[in-house]
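The values are calculated or read from the model by the stated rules, or taken from the named source; none is laboratory data. A quick note: this is a predicted structure, and the numbers were derived from the prediction, not measured. Accessible surface is based on the protein model in full, side chains and every heavy atom, while ligands, DNA and RNA are left aside. Shrake-Rupley method; radii C 1.70, N 1.55, O 1.52, S 1.80 Å.
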Amino acid sequence: LSGVAAALEFGENTIGMLLTRSLAEMSRFAVHMGANPMTFLGLAGVGDLFVTCSSPLSRNYRVGLAVGRGQPLGAILADMDQVAEGINTLGLLKVEADRRGVDMPLVRGLYAILYEHRPVADVFDDMMHTEQAQDVEFVTS
């Protein structure tokens, strides 16, 4: 997501908002599955999210950057010598979130870009104008 945002030359504040919303979605899904939401304040949450979404060495970031520049996913993946785990995880997570009724607008948007071939600009416009009820969930369900 942040790689796409970087390719579209979004500002740092916008990327920060996307990371915050990503953390909210991660914790929302995890809480629904019974996890402790405080886990996401540590390395398994914020730490991994920050590195994955900001490092040019991150395979997922590089895929997002290429997608944001208009390259087709199949060509991007064919050129990689390592696996970008986020691509497969995204597909599985979308199915499971839908099945369980967990609201994940960023997952829905990325899925639309990668699997339904919706234009990046349209999906980002929709996502940027969607209000979040809260940034991060610290209550158990």
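Normalised by the number of residues in the chain, what is the relative contact order in percent for Cα pairs under 8 Å and 6+ residues apart? It would help to have the intermediate numbers written out before the result.
Values: 147 pairs, mean separation 48.8, N = 141.
Relative CO of the chain lands at 35 percent.
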Q) Summing -39500 (n - 2.57) over the DSSP H runs of n ≥ 4 in the chain and dividing by its residue number, what mean residue ellipticity at 222 nm do you reach, to the nearest 500 deg cm²/dmol? A) -18500 deg cm²/dmol
Q: Work out, step by step, the length gained on full extension between Ser55 and His117: first 0.36 nm times the residue separation, then minus their alpha carbon distance; give nm to one decimal.
A: 19.8 nm
Q | Heavy-atom accessible area ranking, 1.4 Å probe, most first, across Arg99, Arg118 | A | Arg99, Arg118
